[in-house]
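The values are calculated or read from the model by the stated rules, or taken from the named source; none is laboratory data. All values derive from a computational prediction rather than experimental measurement. Because the Cβ atoms are built from the backbone with ideal geometry, glycine has one as well, and the counts that use them run over all protein chains shown. Please note that ligands, DNA and RNA were not included when accessible areas were found on the heavy atoms of the full protein model with its side chains. Shrake-Rupley method; radii C 1.70, N 1.55, O 1.52, S 1.80 Å.
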Amino acid sequence: MRRYWRILIPLAIIALVIVGLLISLRSNLVFFNTPTELAEQPAGDERQRLGGQVVAGTVSQADGVVTFEVTDGRTQVAVHHSGSPQQLFQEGIGVVVEGSWDGAVFTSDFMLVKHDEQYRTEDGQVYEPGEPIEPAP
Amino acid sequence: MTVTTQDQRRGVLDVAAIVAIAAAVLVAFATPPEATQGNVARLFNIHVPSILVAYLCFGLTLIGGTAYLVTRRLRFDHLAVAAAEVGVVFTGLTMLVGMIWAKPIWGVYWTWSARLILTAVMFFGYLGYLALRRAIDDPIARARRAAVFGIISIGIIPIVHFSVLWWRDVHQPPTLLRPDEMQIDGPLLAAFLAGLVASTLVAAALIVRRYRLAAREAELDSLLASADVPVAGDAVTAPTLDGAP
């Protein structure tokens, strides 16, 4: 009998740890919230992560602040990001910004650029840093 | 004569791995840069093959451990440890290349997202497998406990792979291993396949060498264990009384 317990107890502990990890990941480890989710929450001061696509035609830059809107296809949120954006930042690309609400504007000081899972060779549309790129038709 | 033949055969695998690396580098630089990310996306050809080969290695650790528990032959334990060590190296390579890639594209080397955390859990989990082996002297007990560890640890692979589908992540979902069409253009896929062949051959060559080393270590251990040596060794001499005759 002792032998069985020596195997069963570690197995039970491992199973508990894995289940606990998965449950906590499921509820807490969403890396960012969508504009719709954030707009539904009551505005607070706590730092949050907002993720979505940069809306074409909304990007402008002045005094070290980049202003643009992000969308998840349903809701658009205006973002004021202080600091220079990543090289790959452009209209239509996915971004995750970290910051908090300032009225109806999301003010951010930390930005990650998300790229999608597509790897394409585009003749005549090879990305060069520093050059503006036309959004794909 | 047998030794020479084995060495020659192993040499063929080493040469094949080196040739495959050279071919992969040539193919990679003959393909055009990726449309959005440019040349940085060439890291795809190391990053993705490395993690696939790591999955394969940990699968071999599972097979080796299971085969040991069924047959109780230590050679399967040697296969399990060889594959686990190579798998850890390739997991580390995936993370290293991923960090180099993430800095220019995402903007940071590392962030605490599910995919990244779980890959680190896999890395340290299999380091734990290797540490467990170092902690046990008896080869039989070591093989048995490591086999159980190696079988349980395989569960992390589907969690790592599907994490980007289960949770919203900064890491993009799979490009190749997905139910519908692969999201990659022909020339880039060719460069990836060349990288996959090279990585697989390198892993195979390393596993073969590590397997032979494990067999020799076991041989040495059994020779040392059976050798006729004094219990306390030569460092200890019997005490003598002063003035004894």
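Quick notes on this one:
- Every condition in (1) in a helix (DSSP H, G or I); (2) farther than 14 Å from B:Val148 by Cα holds for B:Val108 except the one numbered (1).
- Taking the numbered list (1) polar (S, T, N, Q); (2) in contact (Cβ under 8 Å) with a residue 24 or more places away in the chain; (3) within 12 Å of chain B (Cβ to nearest Cβ) in turn, A:Ser24 passes all entries but (2).
- Residue tally, condition charged (D, E, K, R) and assigned to a strand (DSSP E or B), over segment A:49-72: 2
- Reported count of residues in segment B:57-79, each being aliphatic (A, V, I, L, M) and either touching a strand residue (DSSP E or B) at 6+ places or on another chain (Cβ under 7 Å) or within 18 Å of B:Ala205 (Cα to Cα) (or both), is 2.
- Subset of segment B:70-116 [buried (at least 16 other Cβ atoms within 10 Å of the Cβ), of a type in the set (A, V, I, L, M, F, W, C) and within 14 Å of chain A (Cβ to nearest Cβ)]: B:Trp101, B:Ala102, B:Ile105, B:Trp106, B:Ala114, B:Leu116
- Looking only at segment A:72-86, and only at residues there that are more than 14 Å from A:Gln61 (Cα to Cα) and open to solvent by 30 Å² or more (accessible area, probe 1.4 Å), the one that is farthest from the other protein chains (Cβ to nearest Cβ): A:Gln76
- Residue in segment B:200-208 that is without any contact (Cβ under 8 Å) to a residue 60 or more places away in the chain and either under 23 Å from B:Val53 (Cβ atoms) or among the polar types (S, T, N, Q) (or both) present: no
Yes/no matrix, rows are residues, columns are (1) hydroxyl-bearing (Ser, Thr, Tyr); (2) at pLDDT 90 or above; (3) under 18 Å from the mean Cα position of the chain (by Cα):
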site	(1), (2), (3)
A:Gln61	no, no, no
A:Asp72	no, no, yes
A:Gly83	no, no, yes
A:Glu98	no, yes, yes
A:Val113	no, yes, yes
A:Glu134	no, no, no
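- Scanning segment B:34-69 for residues that are farther than 30 Å from A:Val113 by Cα and either within 14 Å of chain A (Cβ to nearest Cβ) or among the aromatic types (Phe, Trp, Tyr) (or both) yields a count of 3.
- Cβ-Cβ distances below 9 Å connect the following pairs, each with a first residue in segment B:97-115 that is farther than 20 Å from B:Ile156 by Cα, a second residue that is of a type in the set (Gly, Ala, Ser) and modelled with pLDDT under 90, and a separation of six or more residues or different chains: B:Trp101/B:Ala41; B:Ile105/B:Ala41.
- Conditions (1) open to solvent by less than 40 Å² (accessible area, probe 1.4 Å); (2) within 8 Å of chain B (Cβ to nearest Cβ); (3) within 16 Å of the chain's Cα centre (by Cα); number of the one not met by A:Phe106: (2)
- Residue match in segment B:197-214 (condition: surrounded by 15 or more Cβ atoms within 10 Å (Cβ to Cβ) and farther than 25 Å from B:Val19 by Cα): yes
- Scan of segment B:129-182 for residues that are more than 10 Å from every other protein chain (Cβ to nearest Cβ) and in a loop (DSSP other than H, G, I, E, B), ordered by number: B:Ala135, B:Ile136, B:Asp137, B:Asp138, B:Ile154, B:Leu177, B:Pro179, B:Asp180, B:Glu181
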